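S.K.: I have a structure I would like to understand better, so I am pasting it below and will then ask my questions one at a time.
The values are calculated or read from the model by the stated rules, or taken from the named source; none is laboratory data. None of the values given here were measured: they were computed from a predicted structure. Methodologically, a virtual Cβ is constructed for each residue, glycine included, from the backbone with ideal geometry; neighbour enumeration extends over all protein chains shown. In case anyone asks, the SASA skips ligands and DNA or RNA and just uses the protein heavy atoms, side chains included. Shrake-Rupley method; radii C 1.70, N 1.55, O 1.52, S 1.80 Å.
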Amino acid sequence: MTLFSAACLLPAALLPTDLPADALIIVEMGSQQPDLHLGRIFADKYRIEERLGSGGMCHVYRARHIVIDKEVALKVLRAELAADPQVAVQFEQEARATSRIHHPHALDVTDFGVTEDSWYFISRRLEHSTRRNFSHAAQLDRYFKSARR
């Protein structure tokens, strides 16, 4: 029996050049590209454990702060959009606006930053996130975008 790693099936252009030789590449079922964030330490302090969802602009992950061992939600701007200054400004505005909402049913932004290739923010992770929660969040996102126009 021959075993193949997911990495040997991927075009070299999809892999970052800084990966160690023994890096684990996780490919989501039904996905053509690997999620290179899974299993990695992000921004020197968050271990990415699972992708919770994706939208047009961002990926949302379940992550863990590596020092205080706290589970968080990590929202990362898609790499292909992070280089666009307008999109980066919108993402920063979203983080600021979200952090100003103080309500038991609203997420609180606890960290914000920029890495070499993306922008991100951290919030508490909801225990019982569902598609309905993400749908509601998407509706709020559309509402806030239309209100800014």
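S.K.: Only one of these conditions is not met by residue 44: (1) touching a residue at least 12 places away in the same chain (Cβ under 8 Å); (2) open to solvent by 80 Å² or more (accessible area, probe 1.4 Å); (3) not in a strand (DSSP E or B). Which number is it?
M.R.: (1)
S.K.: Restricted to the range 92-128, and to residues that are of a type in the set (S, T, N, Q) and not in a loop (DSSP other than H, G, I, E, B), which residue is farthest from residue 72 (Cα to Cα)?
M.R.: 93
S.K.: I need the full set of residues from the range 79-89 which are touching a residue at least 12 places away in the same chain (Cβ under 8 Å) and surrounded by fewer than 17 Cβ atoms within 10 Å (Cβ to Cβ), in order please.
M.R.: If the condition is that a residue be touching a residue at least 12 places away in the same chain (Cβ under 8 Å) and surrounded by fewer than 17 Cβ atoms within 10 Å (Cβ to Cβ), then 79, 87, 88 are the ones that fit.
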